[in-house]
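Below you'll find the structure, written out as structure tokens, and then a few comments.
Bear in mind that the values in this text are calculations on the coordinates, not laboratory data. Here the structure is a predicted model, which is why all the values come from computation and not from measurement. All Cβ positions, glycine included, derive from the backbone under ideal geometry; neighbour counts span all protein chains shown.
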Amino acid sequence: MVATAQGIAAGRVNSGAKGMIIGVLNKKGGVGKTTIAINLGAVIAKARNRVLLVDADPQGSALTWSAAREADPIFPVVGMAKPGISG
């Protein structure tokens, strides 16, 4: 199933499938990937679907956003391990 913006907004994301993975990708920085991912996750979660946002960006902006929220987030955000001094 391909999720359209209209279908997501209308709450028609859950097609009975076991799950869906949506990637927001672009190699250029500063194009709004994190903003789109967070807002897309929020719309899908408000349509009563389970959401897990995986922040694979080295900046970790989605994870920072989730931690800075005053209210409990409506979906979990997890970060990918970042290379440290030891590689």
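One table, with the values for the structure above:
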| read-out | value |
| --- | --- |
| Neighbour cut-off at most 12 other Cβ (10 Å), DSSP loop, trypsin sites (Lys or Arg not before Pro), the range 12-81 | LYS18, LYS27, LYS28, ARG48, ARG50, ARG69 |
| Residue-by-residue Karplus 3J(HN,Hα) for the range 29-37, coefficients 6.51, -1.76, 1.60, Hz, glycine and proline x | x, x, 9, x, 4, 5, 4, 5, 4 |
| Difference of contour (0.36 nm per residue) and Cα-Cα distance, ILE36 to ASP57 | 6.2 nm |
| Rounded if a/c under 1.5, otherwise prolate or oblate - the range 42-87, Cα gyration tensor axes | prolate |
